[in-house]
Protein chains: 2
Amino acid sequence: MAETAFVIEPGRQDIVMVRHFDAPPDVVFRVVTDPELIPRWWGPHVLATRVDRMEVRPGGRWRFVNIDAHGREYGFCGVYHDVVAPERFVRTWEFEGMPGEVALETVTLAAAGGGTRYTAQSVHQSVEARDAVVRGDAARGGTEAMDRLAALLADR
Amino acid sequence: MAETAFVIEPGRQDIVMVRHFDAPPDVVFRVVTDPELIPRWWGPHVLATRVDRMEVRPGGRWRFVNIDAHGREYGFCGVYHDVVAPERFVRTWEFEGMPGEVALETVTLAAAGGGTRYTAQSVHQSVEARDAVVRGDAARGGTEAMDRLAALLADR
């Protein structure tokens, strides 16, 4: 299975995650923007995911809820800034447990090696907020999501 | 007149602009979120500003156009992530001349010294994009806008 690479430099405000998928960009784009499929790949694999809202268009809002084994809910929400199929979308991102801390996520899909190079960059309001996300094991959660997305794409 | 301060550190991805206004936060918030008043203070003073759209709510879109003496237009647009009157709004920001380069702007109003400490932080996708904005004289444009906003507030 391909590896998920991270660029997390000290003192910077962003996290960059890169993954190769064997499917072409239009297929990857369709899958990652499909609300029905989000529960099958988004977030750490030990949590369930519910999509409350996912309006994939400029100004559209999204809200996903992670649910743990005890039924506790962790909400995430934001708005789409732009959606340029099949190459890019940009959206804001907020964990509702930390209200007011907002990140800007840019997802870019580029044709590469017969498949897709998927790059997700999240830029945070401060280095401290970025570092807190890193300490929260964002890399493990991201890697798990990418592995599940790869499996979902391979199934299609 | 109060001074506008900037924090622009090498290697970081953000620009922070801070200004004191004599008016209280609720008044400053009302003024800066009023589409009718935007042309009176937003942007460099040698340019005119037209508000095409300004929906101040989560998921709301905005588009402002700067117009120079020759009638050339420079569009800026984005979406509001959240709006928490009178203390904060967070929105995305894109200069249409550089499509795909998006910044996240957080404007915070805090009661201070009988007036308001206004902080506008813009975080960019890269240090390079941030530096390009700095080279584009963002500090002068920001300072002019803050001076015009102070004058508008003093008039009320």
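Brief remarks on what is shown
- B:L153 being part of a helix (DSSP H, G or I), closer than 21 Å to B:V31 by Cβ and open to solvent by less than 50 Å² (accessible area, probe 1.4 Å): yes
- Yes/no for A:F76 being under 12 Å from the mean Cα position of the chain (by Cα), closer than 17 Å to A:D34 by Cβ and in a strand (DSSP E or B): no
- Test: residue in the range B:97-110 that is open to solvent by 30 Å² or more (accessible area, probe 1.4 Å), modelled with pLDDT of 95 or more and away from every other protein chain (no Cβ under 14 Å): no
- Residues that are within 14 Å of chain B (Cβ to nearest Cβ) and in a strand (DSSP E or B) within the range A:1-16 comprise A:V7, A:D14, A:I15, A:V16, listed in sequence order.
- Of the criteria (1) open to solvent by less than 50 Å² (accessible area, probe 1.4 Å); (2) under 14 Å from the mean Cα position of the chain (by Cα), which one B:S126 fails: (2)
- Restricting attention to the range B:84-96 and to residues that are within 10 Å of chain A (Cβ to nearest Cβ) and assigned to a strand (DSSP E or B), the residue that is farthest from B:V18 (Cα to Cα) turns out to be B:E94.
- Test: residue in the range B:62-83 that is more than 27 Å from A:V84 (Cβ to Cβ), within 14 Å of chain A (Cβ to nearest Cβ) and not aromatic (F, W, Y): no
- Hits in the range B:44-64 (condition: open to solvent by 30 Å² or more (accessible area, probe 1.4 Å) and hydrophobic (A, V, I, L, M, F, W, C)): B:V46, B:L47, B:A48, B:V51, B:V56
- Per-region count, the range B:22-43, residues open to solvent by less than 40 Å² (accessible area, probe 1.4 Å) and either in contact with a helix residue (DSSP H, G or I) (Cβ under 8 Å, 6 or more places away or on another chain) or without any contact (Cβ under 8 Å) to a residue 60 or more places away in the chain (or both): 11
- Any hit, the range B:5-14, residues being open to solvent by less than 20 Å² (accessible area, probe 1.4 Å) and under 27 Å from B:E128 (Cα atoms): yes
- Whichever residue in the range A:17-54 is hydrophobic (A, V, I, L, M, F, W, C), within 23 Å of A:V123 (Cα to Cα) and in a loop (DSSP other than H, G, I, E, B) and, among such residues, is nearest to the chain's Cα centre (by Cα): A:W42
- Single residue of the range B:111-135 satisfying the filter (part of a strand (DSSP E or B) and either without any contact (Cβ under 8 Å) to a residue 40 or more places away in the chain or under 15 Å from A:S122 (Cα atoms) (or both)) that is nearest to the other protein chains (Cβ to nearest Cβ): B:V123
- Within the range A:55-73, the set of residues being in a loop (DSSP other than H, G, I, E, B) and either hydrophobic (A, V, I, L, M, F, W, C) or touching a strand residue (DSSP E or B) at 6+ places or on another chain (Cβ under 8 Å) (or both) comprises A:E55, A:V56, A:R57, A:P58, A:G59, A:G60, A:D68, A:A69.
The values are calculated or read from the model by the stated rules, or taken from the named source; none is laboratory data. From a predicted model like this one, the values you see are computed outputs, not experimental measurements. Here Cβ is always computed from backbone atoms with ideal geometry, including for glycine, and neighbour counts include all displayed protein chains. Side chains included, ligands, DNA and RNA excluded: accessible areas come from the protein's heavy atoms. Shrake-Rupley method; radii C 1.70, N 1.55, O 1.52, S 1.80 Å.
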